[in-house]
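S.K.: I am attaching a structure below and will ask some questions about it afterwards.
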């Protein structure tokens, strides 16, 4: 029998979840002063941030990707670095380099490490697919280990550390697509779409007149680290874990669990890291909504940003105009949700009840 999700065990945990939900509202209010619309993108960025994950944002130029990231870093009082990736960018331009420094009083010389722009809390890797693989790989250790190695020494990066890479889906000449191993390091691939008519009207109206926006700081780096730990403490029932695993396992064409459309249209499916990220993202979504349990609705809502860059379609899919997002929709339709609705209904009544 599937285990029941665990309600909060202390008043401190209840208060922590409420704090996270209030923090989300405050951050969204500050971002709305500068960025019009893009609520889904903002929500996915916050989920990744509180899960200690990294994101790829894909969208055409002019959709406020850079502005959104810069504003988010400012609102959270985090240090921010923007790295423009170009074909001549070298790894040392990102992580830093050692220079010879001479002491003018003694004449002695010694090596001193000059930190690169990667030593910041929030990194914007702008147009990451425009630089060669050697330079792209310079971010791998930083993203995975939160450190860089230079001259045989490891240098720790400031915490929290958050990489947001952008890609332009239109112009592909002179680009170096990210290899699958590096793509898998990114928790989310977020699609930044065109604004609605009303949103575009507001964008044009506000940006073509005098605009004086005063932003307030909402959280500190220490607050973010604390809230990241809270997200990981959100309990998740075993049947929810297995439900999340089904998405990754069913996406593998050689798996016995794979439906027919996966075998027809997919060359490679998602690995175990996808299951981990689905659960973490669902925990963050629940916590940001002020809930202390994960539901199947949370799982379903995060499958697109987690899986869209991990499911590789084949020539059959390309010929029929089928992309990974359509395949994920079919998986959501195909995988049964199970019998958790009664459990969620009972939890809703006691979730914020103070313990005896």
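S.K.: Please go through the range 176-195 and give me each residue that is more than 22 Å from residue 274 (Cα to Cα) and surrounded by fewer than 16 Cβ atoms within 10 Å (Cβ to Cβ), ordered by number. First the steps, then the outcome.
M.R.: Kept after step one, since they are more than 22 Å from residue 274 (Cα to Cα), are these residues of the range 176-195: 176, 193-195.
The answer is 193, 194.
S.K.: Let me ask something additional. Please return the ranges of helices (runs of 4 or more DSSP H) entirely within the range 249-321 where 1 or more residues are closer than 29 Å to residue 26 by Cβ and in contact with a helix residue (DSSP H, G or I) (Cβ under 6 Å, 6 or more places away or on another chain). Can you show your working first?
M.R.: On the way: elements: 260-265, 272-288, 296-307, 315-319.
The qualifying helices (runs of 4 or more DSSP H) are 272-288, 296-307.
S.K.: Would you point out which residue out of 147, 167 is in contact with a helix residue (DSSP H, G or I) (Cβ under 7 Å, 6 or more places away or on another chain) and farther than 27 Å from residue 221 by Cβ?
M.R.: On the way: 147 fails: farther than 27 Å from residue 221 by Cβ.
On inspection, the qualifying residue turns out to be 167.
S.K.: Got a sec? Which of 3, 9, 81, 77 is modelled with pLDDT of 85 or more and either surrounded by fewer than 20 Cβ atoms within 10 Å (Cβ to Cβ) or assigned to a loop (DSSP other than H, G, I, E, B) (or both)?
M.R.: Working: 3 fails: modelled with pLDDT of 85 or more; 9 fails: modelled with pLDDT of 85 or more; 77 fails: modelled with pLDDT of 85 or more.
Within the list 3, 9, 81, 77, the selection yields 81.
S.K.: Look at residue 101 and say whether it is at negative phi, without any contact (Cβ under 8 Å) to a residue 12 or more places away in the chain, out of contact with any helix residue (DSSP H, G or I) (no Cβ under 9 Å at 6 or more places or on another chain) and not in a loop (DSSP other than H, G, I, E, B). Let's see the steps before the verdict.
M.R.: Working: at negative phi: yes; without any contact (Cβ under 8 Å) to a residue 12 or more places away in the chain: yes; out of contact with any helix residue (DSSP H, G or I) (no Cβ under 9 Å at 6 or more places or on another chain): yes; not in a loop (DSSP other than H, G, I, E, B): yes.
Spelling it out, residue 101 is indeed at negative phi, without any contact (Cβ under 8 Å) to a residue 12 or more places away in the chain, out of contact with any helix residue (DSSP H, G or I) (no Cβ under 9 Å at 6 or more places or on another chain) and not in a loop (DSSP other than H, G, I, E, B).
S.K.: Which of the residues belonging to the range 143-174 are within 15 Å of the chain's Cα centre (by Cα) and under 17 Å from residue 83 (Cα atoms)? Spell out how you get there, then give the answer.
M.R.: Taking the range 143-174 first, the residues within 15 Å of the chain's Cα centre (by Cα) are 143-144, 160-167.
Those that are within 15 Å of the chain's Cα centre (by Cα) and under 17 Å from residue 83 (Cα atoms): 143, 161, 162, 163, 164, 165, 166, 167.
The rows are residues; the columns are (1) in contact with a strand residue (DSSP E or B) (Cβ under 6 Å, 6 or more places away or on another chain); (2) within 24 Å of residue 47 (Cβ to Cβ).
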position: 112; (1), (2): yes, no
position: 118; (1), (2): no, yes
position: 131; (1), (2): no, no
position: 138; (1), (2): no, no
position: 142; (1), (2): yes, yes
position: 146; (1), (2): no, yes
position: 153; (1), (2): no, no
position: 161; (1), (2): no, yes
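S.K.: Here is a check on your reading of the model: is residue 120 assigned to a helix (DSSP H, G or I), within 19 Å of the chain's Cα centre (by Cα) and over 18 Å from residue 88 (Cα atoms)? Lay out the reasoning, then the answer.
M.R.: Values: assigned to a helix (DSSP H, G or I): no; within 19 Å of the chain's Cα centre (by Cα): yes; over 18 Å from residue 88 (Cα atoms): yes.
For residue 120, the condition - assigned to a helix (DSSP H, G or I), within 19 Å of the chain's Cα centre (by Cα) and over 18 Å from residue 88 (Cα atoms) - is not met.
The values are calculated or read from the model by the stated rules, or taken from the named source; none is laboratory data. Keep in mind that this is a model prediction, so the values were computed, not measured. Note that each Cβ is placed from the backbone with ideal geometry, even for glycine, and that neighbours are counted across all protein chains shown.
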